[in-house]
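The structure appears below as structure tokens.
Read the figures in this text as sums done on the coordinates, not as results from a lab. Computed from a prediction, not measured in an experiment: that's the story for all the values here. Counting neighbours? That spans all protein chains shown, and the Cβs are built from the backbone with ideal geometry, glycine included.
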Amino acid sequence: MATRNILVVNSKGGCGKTTVATNLAAAYANAGQRVALFDCDAQASARHWAQCRDGQRSNIDLYCYPEPNQISAPIVGDYDVCIFDSAPGLTTKPVLRKDFESLLRLADAIVVPMLASAWDIQAGEQFIAQLMTQRVWRAAPAPIAVVSNRVNGNLTSQQKLQHFLSCLDIPAVTQFRESPVYAEASDSGLGVIEMKLNRAARKEFKAWHTLTDWLDHAAIAGQRAGQQTRRPALPLAAPKAPAANPATTNSDSQERA
Ligand SMILES: Nc1ncnc2c1ncn2[C@@H]1O[C@H](COP(=O)(O)OP(=O)(O)OP(=O)(O)O)[C@@H](O)[C@H]1O
Ligand SMILES: [Mg+2]
């Protein structure tokens with residue numbers, strides 16, 4: 001099966017991109033898939049997560065690409081699943097516009113985490129409109145899903161988010177609870193799916209399976225869209241050697257997590 005490229009993106013900061021990307025990486029690695037996690041954010045949170053990860057855990061290869069236009073086809077082709085964690089501000093900072101285009105060109109499926117607050121909904125609405133009017137996306141429309149993150153008992157904001165999502169032509173695939181288990185997981189380089197003895201983590205399992213099931217189907221549809229519309233080929237550069245110094249954030253850095 002061809003590599004499935006999953007982009008986790010939203011211009012809004014702090015909505016859970018890295019949380020979703022790292023948890024997805026762990027979920028796929030635990031399912032026996034060959035997984036690469038691409039940290040495409042200079043903040044390097046996904047790298048930090050991978051550095052905390054116990055080497056005995058299911059392997060996830062980490063690549064740091066603060067400049068996503070440097071990602072080459074052979075690297076992507078080595079894996080069953082590639083997950084791209086993106087930086088905030090991709091559509092609001094002109095300097096990041098090219099990065100956004102490069103990531104959209106790669107993506108077979110797109111996950112947009114969103115929080116249920118008035119500001120997040122307003123920013124999310126703007127972001128999705130910008131995404132769907134991008135020339136690169138329109139040329140080969142990869143399926144998009146929204147996931148509601150940090151869902152708590154606040155019914156009013158949750159209803160506002162649901163109303164907004166129901167007006168869109170894209171699915172709200174699942175929701176993740178507001179739970180301290182996510183901080184615990186990020187501090188220890190784990191996905192909640194790996195925290196089998198933790199009751200709060202177990203409550204989240206179904207939501208993660210729902211997302212991976214959706215992605216498995218969506219990514220195949222996205223690959224077909226890319227092939228049919230001849231999504232521009234990636235540059236065929238040779239894969240770069242793993243960096244000697246794991247602390248570097250240059251685009252040629254790779255680590256095994
Ligand atoms: N479901 C959740 N429950 C509780 N805390 C969460 C949840 N999801 C994310 N968080 C916490 O919210 C904070 C922001 O999450 P995260 O770093 O994943 O967002 P981000 O979109 O990647 O941020 P940035 O835009 O800065 O890259 C982190 O401290 C994370 O642990
Ligand atoms: Mg992040």
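Run the reach check for Lys206 against lysines, Cα to Cα strictly under 17 Å, same-chain hits fewer than 8 apart removed. What comes back?
Within reach: Lys196.
Would you mind checking which residues have amide H under 5 Å from Phe38's amide H? H placed 1.01 Å from N; only 5 or more apart, or other chain.
For Phe38, the qualifying residues are Tyr63, Ile83, Phe84, Asp85.
Using the Cα atoms of the chain to build a convex hull, what is its mean projected area in square nanometres?
12.8 nm²
So if R0 is 25 Å, what FRET efficiency would Ala129 and Asp78 give, r being the distance between their Cβ atoms, rounded to the nearest 0.05?
Approximately 0.10, to the nearest 0.05.
Could you give each residue of segment 61-71 its phi-based ³J(HN,Hα) in whole Hz, using Karplus coefficients 6.51, -1.76, 1.60 with θ = phi - 60°, and x for Gly or Pro?
Those phi angles translate into 7, 9, 10, 9, 10, x, 10, x, 5, 8, 5 Hz.
Lysines near Lys12 by alpha-carbon distance under 17 Å, same-chain residues fewer than 8 away left out - which ones?
Those lysines meeting the cut-off are Lys93.
Taking amide H positions as placed 1.01 Å from N in the peptide plane, with prolines and chain starts having none, which residues 5 or more places from Ala31, or on another chain, fall under 5 Å of its amide H?
So Ala31 has HN proximity to no qualifying residue.
State which helices in the chain qualify, where a helix is a whole DSSP H run, it must extend 15 Å or more along its own axis by its Cα atoms, and its mean Kyte-Doolittle hydropathy must be at least 0.0.
Membrane-span-like by this rule: 17-30, 118-132.
Give me the percent relative contact order of segment 4-237, please, defined on Cα pairs under 8 angstrom at least 6 residues apart.
28 percent
Checking the cross-link filter: which lysines have an alpha carbon closer than 26 Å to that of Lys203, excluding same-chain neighbours under 8 positions apart?
Straight-line reach from Lys203, under 26 Å: Lys17, Lys160.
Can you give me the distance in nm between label points at Glu178 and Gln70, each placed 7 Å from the Cα along the Cα-to-Cβ direction?
Rounded to a tenth, the inter-label distance reads 3.9 nm.
Measuring from label point to label point, each 7 Å out along Cα→Cβ, what is the Asn30 to Leu197 span in nm?
1.4 nm
Taking amide H atoms as placed 1.01 Å from N in the peptide plane, list the residues 5 or more away in sequence, or in a different chain, whose amide H sits under 5 Å from that of Thr174.
When sequence neighbours closer than 5 places are left aside, the close amide H contacts are Ser148.
Around Met1, what is the net charge, scoring Lys/Arg as +1 and Asp/Glu as -1 over all other residues with Cβ under 14 Å from its Cβ?
Result for the neighbourhood of Met1: -1.
Which of Pro68, Pro88, Pro171 moves the most in a Gaussian network model of the chain with Cα springs under 10 Å?
Pro171
Per q in 0.18, 0.24 1/Å, what log10 I(q)/I(0) does a Debye calculation on the alpha-carbon atoms of segment 117-219 return?
-1.01, -1.28
Counting other beta carbons within 10 Å of each Cβ, put Asp61, Asp39, Asp80, Asp169 in order, fewest first.
With the fewest neighbours first, Asp61, Asp39, Asp80, Asp169 line up as Asp169, Asp80, Asp61, Asp39.
Let me know the charge dipole size of segment 4-237 about its Cα centre in debye, to the nearest 20, where only the beta-carbon of Lys, Arg (+1) and Asp, Glu (-1) is charged.
Roughly 340 debye, rounded to the nearest 20.
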